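Structure record follows, encoded as structure tokens.
The values are calculated or read from the model by the stated rules, or taken from the named source; none is laboratory data. It should be emphasised that the depicted structure is a prediction, and the values quoted were computed from it without experimental measurement. Glycine gets a Cβ as well: all are built from the backbone with ideal geometry, and neighbour counts include every protein chain shown.
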Amino acid sequence: MATDNGSPTGWSKPPAPPARRPGPRPGRKHRTATLVVRSLAVLLAVVVAGGSLAVYLKYRSVWDGIARVDVSGDLQAPNRPPVDPNAINLLLIGSDSRVGVNGSIGGTGGADAIDGARSDTIIIVHIAPGSHEVDVISVPRDSVVPILNCTPEGGTTGQSAQPLDDIEQVNATFAYGGPGCLWETIEQTTGIHINDFIELTFSGFEQVINELGGVNVCLPEAVDDPMSNLDLSAGMHHIYGPEALAFWRTREDLGLGSDPQRIQRDQFLMASLFQGIEHSSLLKSPTTMLSIIDALTSHQDIVTDTGLTPEVMLRIAEDLRGLKGDSVQFVTVPWTTYTGNAQWIDSSEEPTSGNSDWVQWVQPEANSLFSAIAHDTTLPTTSSSSPPVQTVSPADVQVQVLNGTTTAGLATSTSASLSQLGYDVVGSPADAATDTYTKSVIEYKDAAELPAAQTLEQIVSSSQLQEDPSLTGSGVELILGSSFTSLGSSSSGSSSVSNLAATYGGITGNTNICDDSSAFAGPDGS
């Protein structure tokens, strides 16, 4: 098994975070000090859309300036999602590292000093060349996920898998185990195979915006945020690096003060950036393209995995050539407030740990989204002639998972995923009476347990319900068959993801950037 226990040449990662201890995950300890850039790394995908990248790949000195990390040690799970031969999925990471010049940008001094680095921007970019579409899926950094085993890499400590009821913020996986740990966690919780990752820093964001000639933003109201230094009047503005960075990281003193609402604003800015590139000749200029890439590599503002070769980048550039705004969709993973927040909050005081910001994914909507991306299909639809299905909240579904196959550890990993999705996993994962199950079976005792079984059935593909009066106690049993791949997976549907924005309240690349009032609505967040 290949591992990477050191930093790649030229990549200076920040000191590893302190040893794990009970309580809030990293990134919540200094909430008011953690002012972060949103959606940084997606800019690289936009840059290569110019189609001129091939001109610069001959400049090996520039290409070789990109820092690379071997993440293979974290990608050894036997149940990794299968590769989609019809699409490329990139994991884009915006790092809040304060190393070097990023310290002066993000702030490091005094009592507010921030150690380590977190993935404060997490985006899955799904590039479907067959239908010439791109889907940009934002994952809230405050999403709770199970704690998986991750090897040390790039100066991080790594982390050990924890019991099913122990969770962490998804951005903490990057802090403890580097990009490979985040990659592994995204794959295991979404069922989407990731091909490569790209990481960008604060400084990299500013440089790209400046080299592209700035970006338009449209504000429905004036904003004066001393925390991020964003001071803009209502209306349209053309802004550059530092001011654009302030727009990205503004959170607490704007709108609801939430991370998902900031993602909304970031998506409008990304759409604006795409429109500016689409309607200009910037990226047809070899000088402009080279200056962008040279600026990023010379300051070590970009990091990728070792598998992201010039040939892969060329393929991505070709897939994005001539892309139109209505073929780019921006959506956020469906989310709701984390139901476990109450254990962290003293009812007589304000939240003491910031965990009231934690969110969990809404099911089955989130898994329908993941399934569509994983298989490059349209979203599943329900026939109006189908009988009504009684469902309950995942938290009201008690389920024990049994392995009816010869795949070792399948019940354990599935139990972890169910727990992360909010299901009440009871009993220890175990083997079924036989390992010859092909189709997964959900057993329930009587009619009272049928709604719970039907709720579970929605996220277990190709499963069948089976009433078994001999079951003891409450809850249902999930017996996994050999056809099971991951929760929420499905191979049905047509050839392209075409309705994500409309289904999930997202936007497309050609949206009017002044239609963003909901992204600013609410109290000022103070």
Is there a residue being surrounded by 19 or more Cβ atoms within 10 Å (Cβ to Cβ), farther than 26 Å from I263 by Cα and modelled with pLDDT under 85 anywhere in the stretch 323-337? no
Within the stretch 121-157, residues over 18 Å from the mean Cα position of the chain (by Cα) and either closer than 14 Å to D74 by Cβ or part of a loop (DSSP other than H, G, I, E, B) (or both) come out as P129, G130, S131, H132, N149, T151, P152, E153, G154, G155, T156, T157
The correct count of residues that are modelled with pLDDT under 75 and either crowded, with 21+ Cβ neighbours inside 10 Å or farther than 30 Å from S393 by Cα (or both) in the stretch 338-358 is 1
With the condition kept exactly as written, say whether any residue in the stretch 172-183 is part of a loop (DSSP other than H, G, I, E, B), surrounded by 24 or more Cβ atoms within 10 Å (Cβ to Cβ) and either among the acidic types (D, E) or in the same structural domain as T250 (by TED's automatic domain parsing) (or both). no
The correct count of residues that are surrounded by 15 or more Cβ atoms within 10 Å (Cβ to Cβ) and not in a loop (DSSP other than H, G, I, E, B) in the stretch 417-430 is 6
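Quick one: which residue in F197, F174 is at pLDDT below 90 and aromatic (F, W, Y)?
Working: F197 fails: at pLDDT below 90.
Within the list F197, F174, the selection yields F174.
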Yes/no for F205 being surrounded by 24 or more Cβ atoms within 10 Å (Cβ to Cβ), more than 30 Å from D424 (Cβ to Cβ) and modelled with pLDDT under 90:
yes
For strands (runs of 3 or more DSSP E) lying entirely in the stretch 433-490, having 1 or more residues that are among the aromatic types (F, W, Y) picks out 440-444
Any residue that is at pLDDT 85 or above and either crowded, with 16+ Cβ neighbours inside 10 Å or of a type in the set (G, A, S) (or both) - is there at least one of those in the stretch 377-396?
no
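Yes/no per residue for (1) within 25 Å of D70 (Cβ to Cβ); (2) hydroxyl-bearing (S, T, Y):
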residue	(1), (2)
P163	no, no
C181	yes, no
G191	yes, no
C218	no, no
A222	no, no
S233	no, yes
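Quick one: in the stretch 471-502, of everything that is farther than 28 Å from D424 by Cβ and among the hydroxyl-bearing types (S, T, Y), which residue is modelled with the highest pLDDT? I'd like the intermediate steps shown before the answer.
Kept after step one, since they are farther than 28 Å from D424 by Cβ, are these residues of the stretch 471-502: 491-502.
Imposing the further condition that a residue be among the hydroxyl-bearing types (S, T, Y) reduces the set to 491-492, 494-496, 498.
Details: S491: 33, S492: 34, S494: 32, S495: 30, S496: 41, S498: 71.
Checked the stretch 471-502; the qualifying residue modelled with the highest pLDDT is S498.
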- Query: Is there a residue in the stretch 210-222 that is at pLDDT 85 or above, over 23 Å from V136 (Cβ atoms) and either of a type in the set (A, V, I, L, M) or surrounded by 23 or more Cβ atoms within 10 Å (Cβ to Cβ) (or both)?
  - Reply: yes
Only one of I194, I186, I198 is in contact with a helix residue (DSSP H, G or I) (Cβ under 7 Å, 6 or more places away or on another chain) and outside any loop (DSSP other than H, G, I, E, B), namely I198
Of the residues that make up the stretch 232-245, is at least one surrounded by 23 or more Cβ atoms within 10 Å (Cβ to Cβ) and in contact (Cβ under 8 Å) with a residue 40 or more places away in the chain?
-> yes
Note to self: I'd like to know if the stretch 407-416 contains one or more residues that are part of a loop (DSSP other than H, G, I, E, B), hydroxyl-bearing (S, T, Y) and in contact with a Pro (Cβ under 9 Å, 6 or more places away or on another chain).
What the structure shows: yes
Restricting the stretch 248-294 to residues that are within 27 Å of V170 (Cα to Cα) and among the aromatic types (F, W, Y), the one modelled with the highest pLDDT turns out to be F268
